[in-house]
Amino acid sequence: FSCNLSDLLCCLLGLLYQEYRDKSTRQEIETRRLQDSQTDPEESSPSEETPSEAEPTSTTENKAPPQISLLRNSNSRFNLWQDLPEIRSSGVLSILQPDEIKLQEAMFELVTSEASYYKSLNLLVSHFMENERLKKILHQSEAHILFSNVLDVMAVSERFLLDLEQRVEENIVISDVCDIVYQHTVNHFSVYITYVSNQTYQERAYKQLLQDKPAFREVISQLELDPKCKGLSFSSFLILPFQRITRLKLLVQNILKKVEEKSDRESTALDAHKELETVVKACNEGVRKMSRTEQMISIQKKLEFKIKSVPIISHSRWLLKQGELQQMNGPKTSRTLRTKKLFREIYLFLFNDLLVICRQIPGDKYQVFDSAPRGLLRVEELEDQGQSLANVFILRLLENADDREASYMLKASSQSEMKRWMISLAPNRRTKFVSFTSRLVDCPQIQCVHPYVAQQPDELSLELADILNILDKTDDGWIFGERLHDQERGWFPSSMGEEILNPKIRAQNLKECFRVHKSDDSQRRKLGSRNRQ
């Protein structure tokens, strides 16, 4: 089977990983849209990597989604595994079962996407990092922060791709790739943790260089205009390793959904997925640790304690949410009084284990007048109380700074802000669609069709084609969701996604999610009820 590394790269000529990934996820979105419009999810494949088993027919006759042409471009004759001339001429497509063909496509997608990724990494190094003009402008320390250990990452990708290529060459039908993924994840992928953990400093250094060094800004702009870059920005190349390690986990998930249950291939896929998940979590924690430490130091400097001082900085503490709310003055009986001074401003800092209640004072400082452990907070929404008490809720501190119970009547600026505070303050309370202590049987679901970058600690960044359970939503356009593939929770604008209306598709998504995580029984039991905040 003469499909070697150079053949794969030729297939991908002109298609950088950023373009490849975008086409792949957008095709996944279109496939799911087709599924959602059908009455029987079995009529179509569950993911973007699944092709139709036969030649395309007319729209009325073809019930499967159209072939996904991830590799189609002006310079490539090949689209999918089944489009390779060796596969077409072998007659193997008439022998293999449809499910096996889908599995072959999923494994082939992992291989070809790695080739595309390696191509983009190579461009980052050869076109940007090794540019002589850029090297003269950057100090050695600046270059180190900007490019980190990208050479190690590229070397790991090359070794990984060569092993994948060798497997593809062994037989016209790919036996497995997840065993290779497992070995490389365990033995080599720690370089990703190093690279991604540097992301906070990398982004800061890049912004600072653009601001302070006009020559740097000019060279980067010129390099970005080179046709090699396909109109892609320098920063899109810098973020490649983080995007790839996350995507690789999803590609293994897709293989896992297609392998036969209780088979050796399922076992290796589960092992590979578990190791990849460990690396991805370490990457995420690396990024968070860097930013959280600086954030906690900054907050500590702004706080002045009117009560007994509480040490803020801790290795196990991080900020969940901060912001201004309106506190109602006087006893509850004064709710009926019509006065302009009914509410006064207070400022809350909510950490994962502690609430600090303050009033803002001159000099960008905050005076702390109460606090409580997060586990001793309770919230209650006030309903039908009239316009003046719209978006008002009760916050109870079961044990405050004075070791007493205290209650605060608080008003938020909008319904979404009120709900966001209530869920952050008391994360285990029941939401609109699901109890946090129950299994998710048929929870509303949404598919991300626009990427979103979280702006606040309680928000969730979204990638194209993410599937999420909708745990709560507001009338002013916000959704509180839980992403299926990693159970991360957070808020995001409802305009970022499209709701999945077909109950069979929702059930299928959950079933696949349970299967992916079945190697960890405790995680499966907690799926849908675990608080990831």
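The values are calculated or read from the model by the stated rules, or taken from the named source; none is laboratory data. Please read these numbers as outputs of a predicted model, since none were measured by experiment. FYI the Cβ positions are ideal-geometry reconstructions off the backbone, even for glycines, and counts take in every protein chain you see. Note: areas computed on protein heavy atoms with side chains; ligands, DNA, RNA excluded. Shrake-Rupley method; radii C 1.70, N 1.55, O 1.52, S 1.80 Å.
Take Leu13 and decide whether it is open to solvent by 50 Å² or more (accessible area, probe 1.4 Å), closer than 18 Å to Gly497 by Cα and either over 21 Å from the mean Cα position of the chain (by Cα) or modelled with pLDDT under 80 (or both). It is false that Leu13 is open to solvent by 50 Å² or more (accessible area, probe 1.4 Å), closer than 18 Å to Gly497 by Cα and either over 21 Å from the mean Cα position of the chain (by Cα) or modelled with pLDDT under 80 (or both).
Output the residues belonging to region 359-378 that are closer than 16 Å to Ala401 by Cα and in contact with a strand residue (DSSP E or B) (Cβ under 8 Å, 6 or more places away or on another chain). Even if it seems obvious, please write down each step before you answer.
Here is the first cut: in region 359-378, the residues closer than 16 Å to Ala401 by Cα are 359, 367-378.
Those that are closer than 16 Å to Ala401 by Cα and in contact with a strand residue (DSSP E or B) (Cβ under 8 Å, 6 or more places away or on another chain): Arg359, Gln367, Val368, Phe369, Asp370, Ser371, Ala372, Pro373, Arg374, Leu376, Leu377, Arg378.
For the subset of region 71-93 comprising residues that are assigned to a loop (DSSP other than H, G, I, E, B) and surrounded by 13 or more Cβ atoms within 10 Å (Cβ to Cβ), which member is modelled with the lowest pLDDT? Spell out the reasoning first.
We begin by selecting, within region 71-93, every residue assigned to a loop (DSSP other than H, G, I, E, B); these are 71-80, 84, 91.
Keeping just the survivors that are surrounded by 13 or more Cβ atoms within 10 Å (Cβ to Cβ) gives 71-73, 76, 78-80, 84.
Values: Leu71: 31, Arg72: 34, Asn73: 35, Ser76: 40, Phe78: 44, Asn79: 60, Leu80: 82, Leu84: 85.
The residue in question is Leu71.
Kindly indicate whether any position in region 146-154 is in a helix (DSSP H, G or I), open to solvent by 40 Å² or more (accessible area, probe 1.4 Å) and not aromatic (Phe, Trp, Tyr). The answer is yes; a qualifying residue exists.
Can you tell me which residue in region 394-410 is surrounded by the fewest Cβ atoms within 10 Å (Cβ to Cβ), limited to those that are without any contact (Cβ under 8 Å) to a residue 40 or more places away in the chain and part of a strand (DSSP E or B)? Residue satisfying both the conditions and the ranking: Ser407.
Do we have Glu203 as at pLDDT below 95, under 30 Å from Arg265 (Cβ atoms) and assigned by the TED database to the domain that holds Met129 here? No.
For region 306-317, a residue qualifies if it is within 15 Å of Phe351 (Cβ to Cβ) and touching a residue at least 60 places away in the same chain (Cβ under 8 Å), and exactly one does: Val310. Residues of region 155-211 that are surrounded by fewer than 16 Cβ atoms within 10 Å (Cβ to Cβ) and touching a Cys at 6+ places or on another chain (Cβ under 8 Å): Glu169 alone.
So, Phe216, is that one farther than 19 Å from Gln18 by Cα, surrounded by 20 or more Cβ atoms within 10 Å (Cβ to Cβ), among the hydrophobic types (A, V, I, L, M, F, W, C) and in contact (Cβ under 8 Å) with a residue 40 or more places away in the chain or not? Break it down stepwise before answering.
Working: farther than 19 Å from Gln18 by Cα: yes; surrounded by 20 or more Cβ atoms within 10 Å (Cβ to Cβ): yes; among the hydrophobic types (A, V, I, L, M, F, W, C): yes; in contact (Cβ under 8 Å) with a residue 40 or more places away in the chain: yes.
Criteria met by Phe216.
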